[in-house]
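Read the figures in this text as sums done on the coordinates, not as results from a lab. Note that this is a predicted model, so its numbers are computed, not measured. Neighbour counts run over all protein chains shown; Cβ positions are idealised from the backbone, glycine included.
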Amino acid sequence: MPEDPVKVAPDVYKLVLENEQVRVLEVRLRPGAKTERHGHPAVVAVMLQGGRARFTEPGGEVTEIDMPNGQAMYLPETEHMTENAGDGEVHGFLIELKK
């Protein structure tokens, strides 16, 4: 079982709501900041202040994505390390979908 992002990176992820259907995390990641490896179930991500994120999977595969301001994105279940690859703070919400 992957590590909980709130436990791995409490300076980045803050639990704001949890019930039987969803868990909502606020995320704030400074430029150049990184997290240790952790996991998420499928999520809907909405970045209030977007940017560029770099995700490194356990096998070493690296993916970068642009996260536009205010755009909702669906991301499948994953385990990764996260890095802010942009020059501004990333701030938004991850809505983790419970099975």
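So which residues in segment 76-99 are surrounded by 16 or more Cβ atoms within 10 Å (Cβ to Cβ) and of a type in the set (A, V, I, L, M)?
M81, A85, V90, L94, I95 - these are the residues of segment 76-99 that are surrounded by 16 or more Cβ atoms within 10 Å (Cβ to Cβ) and of a type in the set (A, V, I, L, M).
Collect the residues in segment 1-58 that are within 14 Å of G88 (Cα to Cα), in a loop (DSSP other than H, G, I, E, B) and not small (G, A, S), keeping them in residue-number order.
Those that are within 14 Å of G88 (Cα to Cα), in a loop (DSSP other than H, G, I, E, B) and not small (G, A, S): R30, P31.
Considering only residues that are farther than 22 Å from D11 by Cβ and of a type outside the set (D, E, K, R), look in segment 66-75 and name the one that is surrounded by the most Cβ atoms within 10 Å (Cβ to Cβ).
Here is the first cut: in segment 66-75, the ones farther than 22 Å from D11 by Cβ are 66, 68-74.
Those still in the list that are of a type outside the set (D, E, K, R) too: 68-74.
On the way: P68: 10, N69: 12, G70: 11, Q71: 12, A72: 12, M73: 16, Y74: 10.
Of everything passing the filter in segment 66-75, M73 is surrounded by the most Cβ atoms within 10 Å (Cβ to Cβ).
Restricting to segment 1-57, and then to whatever is among the polar types (S, T, N, Q) and farther than 16 Å from M67 by Cα, can you tell me which residue is surrounded by the most Cβ atoms within 10 Å (Cβ to Cβ)? Step through it out loud before you land on a result.
Going residue by residue through segment 1-57, those that are among the polar types (S, T, N, Q) are 19, 21, 35, 49, 56.
Now narrow it down to the ones that are farther than 16 Å from M67 by Cα: 19, 21, 35, 56.
Numbers: N19: 8, Q21: 9, T35: 20, T56: 15.
Going through the qualifying residues, I end up with T35.
So T63 clears everything in (1) part of a loop (DSSP other than H, G, I, E, B); (2) exposed (fewer than 12 other Cβ atoms within 10 Å of the Cβ); (3) not aromatic (F, W, Y) except one condition, right? Which one?
If we test T63 against (1) part of a loop (DSSP other than H, G, I, E, B); (2) exposed (fewer than 12 other Cβ atoms within 10 Å of the Cβ); (3) not aromatic (F, W, Y), just (1) comes out false.
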